[in-house]
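The values are calculated or read from the model by the stated rules, or taken from the named source; none is laboratory data. Not measured: the values here are computed from a predicted model. Virtual Cβ from ideal backbone geometry, glycine too; neighbours counted across all protein chains shown. Areas reflect the complete protein model, heavy atoms only, side chains present, ligands, DNA and RNA absent. Shrake-Rupley method; radii C 1.70, N 1.55, O 1.52, S 1.80 Å.
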Amino acid sequence: MARIEDSPWAVSVAQVASRPGQSKEIDETFPAPSGIGDEIVGVDEGADVSVTGSFDSIVDGLVLTARINAPVHAECTRCLKPIKRDWTVNVTSFFPYEDASTNSNGKSKDDEVDIIAGEDESEDTYPLLGGGAWADLEALLRDTLVEELPLQPLCKPDCKGLCSQCGVDLNEHPDHHHDVTDIRFAALEGLKAKLEGKE
Ligand SMILES: [Zn+2]
Ligand SMILES: [Zn+2]
């Protein structure tokens, strides 16, 4: 098995772990984990994801409070133009200390992780690894970014979209219209004139 410190997402927290009231600043860039979104909306694997914040130690674990910034690629839902934009997400996650008796035993460590995850799914909780000396941010980055991906991205809030008849981009051609509309309009004008007895 690969060593935790070789993971590109490993952050050493040994200096703050197990001593309540300590704080460790984090300001690092990590490669985006795989599996965030898809071709349409997502973050490319390996893209620069920055994490800025701090690990703060409390009695039973570490709390990570951070701002995550990642480049999201998407497609405007109205005009289908590609969008490339930095996405910023604030996270608060908890890394509980493992029970001291399970530190040396890999199997029961995994069991404990499952139990913790099952106990409280509403809180973002991740395991500390390597006897509590490392926090691995891979799963946290993936979970957080997947959750925050825009469902209906727009290139701009007032995107006019495409012409429903011919697909022309109405942002670039604000005066675009079809003659069909004019004919109907003319017919309405004629009807109006009739109704008003001007025939
Ligand atoms: Zn658009
Ligand atoms: Zn058109």
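Between Gln22 and Asn69, how high is the FRET efficiency from 1/(1 + (r/R0)^6) when r is the Cβ-Cβ distance and R₀ = 25 Å? Nearest 0.05. Spell out each step's value before the answer.
On the way: r = 25 Å, r/R0 = 1.01.
Approximately 0.50, to the nearest 0.05.
Give a quick list of GluC sites (Glu not before Pro) in the stretch 14-106 that DSSP marks as loop, anything other than H, G, I, E or B, with at most 16 other Cβ atoms within 10 Å.
Of the GluC sites (Glu not before Pro), the ones in loops of the stretch 14-106 whose Cβ has at most 16 other Cβ atoms within 10 Å are Glu39, Glu45.
For a Förster distance of 41 Å, can you work out the FRET efficiency between the beta-carbons of Ala187 and Ile40, rounded to the nearest 0.05? Write down the numbers at each step before the final one.
Details: r = 41 Å, r/R0 = 1.00.
Efficiency for this residue pair is about 0.50.
Calculate, in nm to one decimal, what Ala14 and Arg85 gain on full extension: separation in residues at 0.36 nm each, minus their alpha carbon distance. The partial results should precede the final answer.
Values: separation 71, 0.36 × 71 = 25.56 nm, distance 3.48 nm.
Roughly 22.1 nm would be gained on extension.
Using label points projected 7 Å from each Cα along Cα→Cβ, tell me how many nm separate Thr52 and Val168, to one decimal.
Calculated label separation equals 4.4 nm.
Could you compute the FRET efficiency for Leu154 and Asp6, with r as their C-beta to C-beta distance and R0 at 30 Å, rounded to 0.05? Please report the intermediate quantities before stating the final value.
Numbers: r = 41 Å, r/R0 = 1.35.
Rounded to the nearest 0.05, the efficiency is 0.15.
Roughly how many Å² is the accessible area per residue of the stretch 14-84, as a whole number, for a 1.4 Å probe?
Working: 3680 Å² over 71 residues.
Accessible area per residue: 52 Å².
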